[in-house]
Amino acid sequence: MKLDVNVLRYLSKDEFRVLTAVEMGMKNHEIVPAELIDRIAGLKTGGAYKNIRTLLRHKLVHHDSTKYDGYRLTNLGYDFLAIKTMVNRGLIVGVGRQIGVGKESDIFEVVAEDGQTLALKLHRLGRTSFRAVKSKRDYLKHRSSFNWLYLSRLAALKEFAFMKALHEHGFPTPKAVDWNRHCVLMTLVPGYPLVQVKELKNPALVFDTVISLIVRLAEHGLIHCDFNEFNLLIDDDEKVTMIDFPQMVSISHRNAESYFDRDVDCIYKFFLKRFNYVPGGNARTLQGIDNNVDEDDTRPDFENLARTAGALDKELAASGFTHQNQEDLDQ
Ligand code: ADP
Ligand code: MG
């Protein structure tokens with residue numbers, strides 16, 4: 001994906017006002033009619049139409065006349081609104097290269113006012129279902145159109161809240177700087193995903209560090225749920241940082257045990273496959289790990305952890321990311 005923020009500089013105040021009007025219109029319209037955009041924008045200098053044409057040219061809005069004539073925000077349009085907000089808050093001055101692309105996110109390097117490089121994660125929830133709207137318009141007719149705006153925003157809010165809380169509790173995560181709409185601004189981790197690492201100086205130490213992160217999370221009442229070699233970053237000193245929190249659940253979640261076991265399994269399997277490492281030292285096969293779970297007394301035990309877990313999960317429920325938000329995300 002290309003994110004040419006130079007356009008940001010050239011957009012006029014009115015054009016931004018109109019872009020914001022499209023976003024506001026989307027709160028209750030899948031496609032926002034031009035008259036409504038015009039009314040919401042309420043420009044002193046005449047109609048919004050000329051500005052809409054500029055936004056169209058920069059692909060910040062999309063014209064749609066299948067059901068009735070109107071406009072909707074594009075991903076790029078939503079990105080611009082969030083980035084503009086971060087710029088206005090004095091947090092960033094420029095956007096650099098893309099450093100990550102996930103199924104449901106894009107990650108960019110950004111430059112802060114003091115010259116420091118930070119990471120900006122743009123959530124893209126519902127990206128696939130949104131595309132499907134085109135082909136399955138009738139089927140999806142009654143579904144809320146701003147789903148992708150709303151869901152991406154929820155994912156960002158959740159990620160920010162969890163990252164902040166985890167960091168404050170001493171977990172090795174990026175430091176959460178701020179969030180807006182579907183974007184989370186955080187410190188850039190000087191490392192690379194574990195999946196790219198072919199060899200470790202000290203696999204036993206890294207393994208223990210990583211497994212004890214899962215355990216410590218559980219002790220705080222949380223399960224990561226996507227704890228694997230893609231979401232663990234490691235630097236040249238083999239220091240580990242964990243990332244990617246929108247799917248975390250409470251240890252009291254009904255599927256907590258299977259999520260916990262899956263997180264642990266991922267690490268066991270990856271270390272065996274990639275580094276031929278098995279805790280305890282006697283090399284077993286993948287099959288062996290599955291069959292010998294009970295005999296492995298180094299493996300963390302969910303039931304014990306669940307019994308004594310702390311309440312960071314409950315603290316987080318009071319952090320602005322509500323129970324209703326979680327239910328919406330689950331759906
Ligand atoms: P997704 O939810 O799409 O998997 P992630 O948060 O896991 O998104 O980020 C995707 C990739 O972007 C990571 O694997 C990593 O390479 C890179 N990345 C994400 N956050 C950071 C960060 N704070 N510092 C450095 N790289 C990052
Ligand atoms: Mg990830």
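The values are calculated or read from the model by the stated rules, or taken from the named source; none is laboratory data. Just so it is clear, the structure is predicted and the values come from calculations on it, not from any experiment. Using ideal geometry, Cβ is built from the backbone for each residue, glycine included, and neighbour counts are taken over all protein chains shown. Side chains included, ligands, DNA and RNA excluded: accessible areas come from the protein's heavy atoms. Shrake-Rupley method; radii C 1.70, N 1.55, O 1.52, S 1.80 Å.
Within the accessible surface of segment 1-89, defined with a 1.4 Å probe on protein heavy atoms only, the carbon and sulfur portion equals 51 percent.
Between rounded, prolate and oblate, where does segment 1-129 land on the alpha carbon gyration tensor, with a ≥ b ≥ c its root eigenvalues, rounded for a/c under 1.5, else prolate if a/b exceeds b/c?
oblate
Long hydrophobic helices in the chain: none of the complete DSSP H runs spans 30 Å or more by Cα along its own axis with mean Kyte-Doolittle hydropathy of at least 0.5. Counting only helical runs of four or more DSSP H residues, what would the 222 nm mean residue ellipticity of the chain come to if each run contributes -39,500 (n - 2.57) and the total is spread over all its residues? Computed ellipticity for the chain at 222 nm equals -13000 deg cm²/dmol. Between the amide H of Gly96 and those of Glu109, Val110, Val111, distances stay under 5 Å, these residues lying 5 or more places away or on another chain, with hydrogens modeled in the peptide plane.
With each label modelled as a point 7 angstrom along the Cα→C-beta vector, the Thr322-Ser12 pair spans 4.0 nm. Ranking Val95, Leu118, Leu11 by Cα position along the charge dipole of the chain, where only Lys, Arg, Asp and Glu carry charges on their C-beta atoms, puts Leu11 farthest toward the positive end. Under the criterion of Cα pairs below 8 Å and six or more residues apart, the relative contact order for the chain equals 12 percent. Legend: distances between Cα atoms for Lys121/Lys239; Lys84/Lys314; Lys103/Lys175; Lys175/Lys314; Lys239/Lys269; Lys158/Lys239; pairs beyond 29 Å are Lys84/Lys314. Taking all protein chains into account, the per residue accessible area for the chain stands at 52 Å² (1.4 Å probe). Computed from backbone phi, the HN-Hα couplings of segment 108-121 come to 10, 7, 10, 10, 7, 4, 7, x, 5, 8, 10, 10, 10, 9 Hz, rounded to whole numbers (Karplus: 6.51 cos²θ - 1.76 cosθ + 1.60, θ = phi - 60°; Gly and Pro given as x). Taking R0 as 30 Å, what FRET efficiency do you get between Leu205 and Arg262 from their Cβ-Cβ distance, rounded to the nearest 0.05? The formula returns an efficiency of 0.80 here.
Placing one equal scatterer on every Cα of the chain and applying the Debye formula, the log10 ratio I(q)/I(0) at q = 0.07, 0.08, 0.16 Å⁻¹ is -0.35, -0.46, -1.33. Contact order for segment 1-89, expressed relative to its length and based on alpha carbon pairs under 8 Å spaced 6+ residues apart, stands at 31 percent. Pick from Leu154, Leu205, Leu125 the residue whose mean-square fluctuation is largest in a GNM of the chain, springs joining Cα atoms under 10 Å. Highest fluctuation among the options: Leu205. Placing +1 on the Cβ of every Lys and Arg and -1 on the Cβ of every Asp and Glu, with no other charges, gives the chain a dipole of roughly 2040 debye about its Cα centre. Using Cα pairs closer than 8 Å and at least 6 residues apart in sequence, work out the relative contact order for segment 192-330, in percent. Computed value for segment 192-330: 30 percent relative contact order.
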